[in-house]
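Working notes, beginning with the structure itself.
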Amino acid sequence: MLAEQRDPQYFLGRSDHETVRLQRQAQLYGPLTRRLLIEAGVGPGMRVLDVGSGAGDVALLVAELVGPGGQVVGVDTNGQVLDVARTRVQAAGWTNVTFSEGDVRTARVDGTFDAVVGRFMLFAVRNRLDVLRTCMERLRPGALVVFQEHDAATWYRAVPHSPLTEQWRRWVFQLADKIELDLGFASRLYSDFCAAGLRAPQLRYEVPVGGGPDWIGYEFLPDHARSLYRLLIEHNIATDEEMQLDTLAARLRADTVNNGGMFFTLPAVGVWART
Ligand SMILES: C[S@@+](CC[C@H](N)C(=O)[O-])C[C@H]1O[C@@H](n2cnc3c(N)ncnc32)[C@H](O)[C@@H]1O
């Protein structure tokens, strides 16, 4: 989530851990994305461009929705994670899903599309309007543009209140101030769509929330924390000892369970419009 607005290379890293994180993310956010895509109008027979495909989770969801008569083309700057996506698509038996390595603004992708979709990708680009406009150039008239992004400004929270999540909020917001991370960009998706020339965007807002000892959601704050770990240390905001990343998920789980509470992960803002 959060970063790379300062760096044209994707900032979250390209490790195996990142691939596992993307797949875990799909477990929790997959149902939200599926609902968004269906409501926006992604359906059988469509040719869809998936921008910032990562490990292929959205491409796999779209493949199910467009069916064998449709087509999915994924683009990502990270060739390594696209290998994971290709393997997963092959294992799922889809022959109509392909991936192309490159920046969505410049990648060679042939033909026009009925829809462009992207999830948790726009946060990572410096000029979102540029990306939206480039995507729109690849669409037929009347086609769909659908994005879903984390509302990072809301941050994680626990009810009853958890000092641990609040401590992380302070660290991350301090870092955002220092390196000018735009945590609130998801709240500007409506105006970004309008500025790109899309009319009357529709919006949806959903928050994965859970509790109890077996819920997977506690892993998400540590996942995001790991991607920020190096920066938090470099900027003298938190030490390794203070963060204790290896035990963070267990501590969040214990807090929530002991309090009989609920843990809220990052909300997802969904937006769609037609060209
Ligand atoms: C957080 S991941 C999300 C992956 C996938 N959409 C999902 O929801 O599971 C963001 C992905 O966007 C890719 N990305 C970032 N900027 C990009 C760009 N300008 N063009 C293409 N891909 C980009 C990154 O390499 C990364 O794989």
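Based on DSSP H runs of at least 4 residues, each adding -39500 (n - 2.57), what is the mean residue ellipticity at 222 nm of the chain after dividing by all its residues, to the nearest 500 deg cm²/dmol? Numbers along the way, then the final one.
On the way: 9 runs with 117 residues, N = 275.
Counting only the DSSP helices, I get -13500 deg cm²/dmol.
Compute the Cα gyration tensor for the range 187-231, then decide on rounded, prolate or oblate, letting a ≥ b ≥ c be the square roots of its eigenvalues: rounded whenever a/c is under 1.5, prolate when a/b is larger than b/c in the other cases, and oblate in all that remain. Don't skip to the answer; put the middle values down first.
Numbers: a/c = 6.15, a/b = 1.81, b/c = 3.40.
Cα axes put the range 187-231 in the oblate bin.
Keeping every protein chain present and rolling a 1.4 Å probe, give me the accessible area per residue for the chain in Å². Please list the in-between numbers first.
On the way: 11840 Å² over 275 residues.
Accessible area per residue: 43 Å².
Using DSSP to define loop residues, name the trypsin sites (Lys or Arg not before Pro) in the range 187-253 whose beta-carbon has at most 10 other beta-carbon atoms within 10 Å.
Values: sites: 188, 199, 204, 226, 230, 251, 253; in loops: 199.
Here the trypsin sites (Lys or Arg not before Pro) that fit, given the DSSP loop and packing criteria, are 199.
Taking every pair of alpha-carbon atoms in the chain, give the share separated by more than 29 Å as a whole percent.
Within the chain, distances greater than 29 Å cover 31 percent of Cα pairs.
In the chain, what percentage of the DSSP-assigned beta bridges are antiparallel, given to the nearest 5? Intermediate values should be presented prior to the final figure.
Values: 17 of 37 bridges.
Among the beta bridges of the chain, antiparallel pairing accounts for roughly 45 percent.
By per-residue mean of other Cβ atoms within 10 Å, what is the highest-first order of 102-112, 156-166?
Ranked from most to least packed, the peptides come out as 156-166, 102-112.
Can you tally the net charge around residue 53? Count Lys and Arg as +1, Asp and Glu as -1, for every other residue whose Cβ sits under 11 Å from the Cβ of residue 53.
After counting each charged neighbour, the total is -1.
Work out the FRET efficiency for residue 259 and residue 191 from their Cβ-Cβ distance, taking R0 = 41 Å, and round it to the nearest 0.05.
0.60
How large is the direction-averaged shadow of the alpha-carbon convex hull of the range 131-275, in nm²? Could you put the intermediate results ahead of the total?
On the way: hull surface 39.9 nm².
Approximately 10.0 nm², given one-decimal rounding.
Rounded to a whole number, what % of the accessible area of the range 155-275 do carbon and sulfur atoms account for, probe 1.4 Å? Numbers along the way, then the final one.
Details: 2920 of 5770 Å².
Within the range 155-275, the accessible surface is 51 percent carbon and sulfur.
Provide, in order from the shortest bin, the percent of all Cα-Cα pairs of the range 119-192 in each 10 Å bin, continuing until the bin that contains the maximum pair distance.
Pair shares across the bins are 16, 40, 26, 13, 5, 0.
Enumerate the calculated ³J(HN,Hα) couplings along the range 45-62 in order (Karplus 6.51 cos²θ - 1.76 cosθ + 1.60, θ = phi - 60°), each rounded to whole Hz, writing x wherever the residue is Gly or Pro.
Once θ is set to phi - 60°, the couplings for the range 45-62 become x, 7, 9, 10, 9, 9, 9, x, 5, x, 7, x, 5, 6, 4, 5, 5, 5 Hz.
Quick one: Karplus J couplings for the range 252-266, per residue in order, coefficients 6.51, -1.76, 1.60, θ = phi - 60°, nearest Hz, x for Gly and Pro?
Going residue by residue, I get 5, 4, 4, 4, 5, 5, 4, 7, x, x, 10, 10, 9, 8, 5 Hz, with x marking Gly and Pro.
Apply the Karplus curve 6.51 cos²θ - 1.76 cosθ + 1.60, θ = phi - 60°, to the phi angles in the range 176-192 and return the couplings in whole Hz, x for Gly and Pro.
Running phi through 6.51 cos²θ - 1.76 cosθ + 1.60 with θ = phi - 60° gives 4, 4, 5, 10, 6, 7, 8, 5, x, 5, 4, 6, 10, 4, 4, 5, 5 Hz.
Sum up the charges of everything whose Cβ sits under 13 Å from the Cβ of residue 32, counting Lys and Arg as +1 and Asp and Glu as -1, but leave residue 32 out.
It works out to a net charge of -1.
For residue 99, what charge total do you get from the other residues with a beta carbon under 10 Å from its beta carbon, if Lys and Arg give +1 and Asp and Glu give -1? It would help to have the intermediate numbers written out before the result.
Numbers: positive: 86; negative: 50, 76, 83, 101.
Here the count lands on -3.
The values are calculated or read from the model by the stated rules, or taken from the named source; none is laboratory data. Quantities reported herein were computed from a predicted structural model and do not represent experimental measurements. Glycine also receives a Cβ, built like all others from the backbone with ideal geometry; neighbour counts cover every protein chain displayed. Surface accessibility is based on the protein's heavy atoms, side chains included, excluding ligands, DNA and RNA. Shrake-Rupley method; radii C 1.70, N 1.55, O 1.52, S 1.80 Å.
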